[in-house]
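The values are calculated or read from the model by the stated rules, or taken from the named source; none is laboratory data. Because the structure is predicted, anything quoted here is derived from the model rather than measured. Every residue, glycine among them, receives a Cβ derived from its backbone with ideal geometry; neighbour counts consider all protein chains shown. These area figures cover heavy atoms from the full protein model, side chains too; ligands, DNA and RNA do not enter into them. Shrake-Rupley method; radii C 1.70, N 1.55, O 1.52, S 1.80 Å.
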Amino acid sequence: MAETPLHKVMLDESEMPTRWYNIVPDLPSPPPPALHPGTLQPAGPEDFLPLFPMDLILQEVSTDRYIDIPAEVQDIYRMWRPSPLYRAHRLEKALGTPARIYYKYEGVSPAGSHKPNTAVPQAYYNAKAGVKKLTTETGAGQWGTALAFACALFDMACEVWQVGASYDAKPYRRTMMEVFGASVHRSPSELTAAGRALFAQDPHHPGSLGIAISEAVEIAAPDPEVRYALGSVLNHVLMHQTIIGEEALLQFAKIGEKPDVIVGCTGGGSNFGGLTFPFLREKMAGNMTPTIRAVEPASCPSLTQGVYAYDFGDTAGLTPLMKMHTLGHGFIPDPIHAGGLRYHGMSPLLSHIYELGLIEAIAVPQTECFGAAIQFARTEGIVPAPEPTHALAACIREALACKESGEEKVILTALCGHGHLDLASYDAYLSGTMVDEVITGDRFTAALADLPQVPA
Ligand SMILES: Cc1ncc(COP(=O)(O)O)c(C=O)c1O
């Protein structure tokens, strides 16, 4: 009898990694520091105190290679972790490719994505510091849901500014956040100075992650009982997500495979960094040689078309300056369906790693992404969130190249969320109303001219 093909590689709860990986000490040079927006000097831990508790600030600037995951956080992780690593047999067959495609599925979490991997520790450290409420932004709605869930576990209030385009398109995301106890506002809102001006211009303004961040930061900073939580971009967020890549390494070891190509979607860089950094560590140590490729939307191409410069993390200019690939903090991306990828910047750590030439990047238009997602859903049975459709499109490109060349490459991606609350986007694709905006350099000119001036 033929051997039954392996569909998923599971780890036992006792095999779940108990440390996060910090890639910074393994890099050939450290990433440039964040700058205080007033003095333009490197920002010290105290500059972040109005926003974050000290434990997270110390993780942000840590040069320790590993940080232990607190026992209480591990216990919550085990509600859904370790997550499965699937082999996409039926997709491979449909493509007729000799490539072997694997995906690490994070849609099994309570929020439906990778976001609780950092929401839980962020809520934990804030609760430990006596914080009573967390504010945040959400683009896709996944991060807001994850933080609402985490705050419920630690008995903290949670206030979320949901990007306008996503608030309108995904009413059930708001409901889900409210089920977990959060209060949710459409951004731009009339509740903040940052939101009011834009709301006055257009009450139906589609918003952006940069604007929603400004609103959440503005409410948190002056109130000592309130802190802000960011769902991506920062070093500590990417570090919390490395549990994905650490598990995937163990899962690959179980089946004696090594990836040749790793692709992941990038909004602020957290699922991509989380999946790839442990593999990059192994690559830098000479243990494997995967090509590592970030995939971003053609409408918001910060890595492939942005500049590498100091810029604000938000639209109103309230955050420290970070050196990153940016389209300019004033850039408002088109309201594409992958709301979680509509961010003007990119993680400074990931930007630095890109500058060092350790990863590649490509930009893909959304109709190709949704086409890939439909093919994936009809073969593998999971409806992906709009963000990882970008990774799937890149996977399929790679698998079809293998079909041409006959190479049996091992491809790994993160299916970082399901799309059960994103069906309006699928409706748009299936009814033929989804469009690919053609975006040219002039769209970026105004926002790039407005970058903060920082002496070399
Ligand atoms: C499912 C999903 N994937 C990806 C992203 C993009 O964020 P990041 O680049 O931090 O993974 C988001 C952001 O909201 C998301 O919800």
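Details
- For the residue pairs 104/254; 104/403; 93/254; 133/170; 254/403, alpha carbon separations beyond 18 Å are given by 104/403; 93/254; 133/170; 254/403.
- About the centre of its Cα atoms, the chain shows a dipole size close to 700 debye [charges on the beta carbon of Lys, Arg (+1) and Asp, Glu (-1) only; nearest 20 debye].
- With eigenvalues of the C-alpha gyration tensor scaled by 5 and rooted, the chain, Å: 32, 25, 22
- Dipole axis of region 250-346 (+1 Lys, Arg; -1 Asp, Glu on Cβ), positive-most option in 336, 265, 318: 265
- Summing Lys and Arg as +1 and Asp and Glu as -1 over all other residues whose Cβ lies under 10 Å from the Cβ of residue 184 gives a net charge of +1.
- Its convex hull of Cα atoms gives region 263-356 a direction-averaged projected area, equal to a quarter of the hull surface, of 6.1 nm².
- Of all DSSP beta bridges in region 242-330, antiparallel share, percent nearest 5: 55 percent
- Taking Cα centre as origin and charging only the Cβ of basic (Lys, Arg, +1) and acidic (Asp, Glu, -1) residues, the dipole magnitude of region 34-133 rounds to 720 debye.
- Summarising the strand pairing of region 39-197, around 20 percent of its internal DSSP beta bridges are antiparallel.
- For the chain, the list of Cys residues with no other Cys C-beta under 4.7 Å reads 265, 300, 369, 395, 402, 416.
- In this structure region 337-379 gives 28 Å² per residue of accessible area when probed at 1.4 Å with all protein chains present.
- Among beta bridges from DSSP that stay inside region 287-421, the antiparallel ones total about 60%.
- Alpha-carbon centroid distance for the pair region 185-256 / region 94-141, whole angstrom: 12 Å
- Counting only Cβ charges, +1 for Lys and Arg and -1 for Asp and Glu, the dipole size of region 358-424 around its Cα centre is about 120 debye.
- Helix-only CD estimate at 222 nm, as mean residue ellipticity for the chain, using -39500 (n - 2.57) per DSSP H run (n ≥ 4): -11500 deg cm²/dmol
- Each of 172, 195, 158 was scored by the projection of its Cα onto the charge dipole of region 152-222, and the greatest displacement toward the positive side belongs to 172; charges sit on the C-beta of Lys, Arg, Asp and Glu.
- Solvent-accessible area, 1.4 Å probe, carbon plus sulfur percent, for region 299-456: 53 percent
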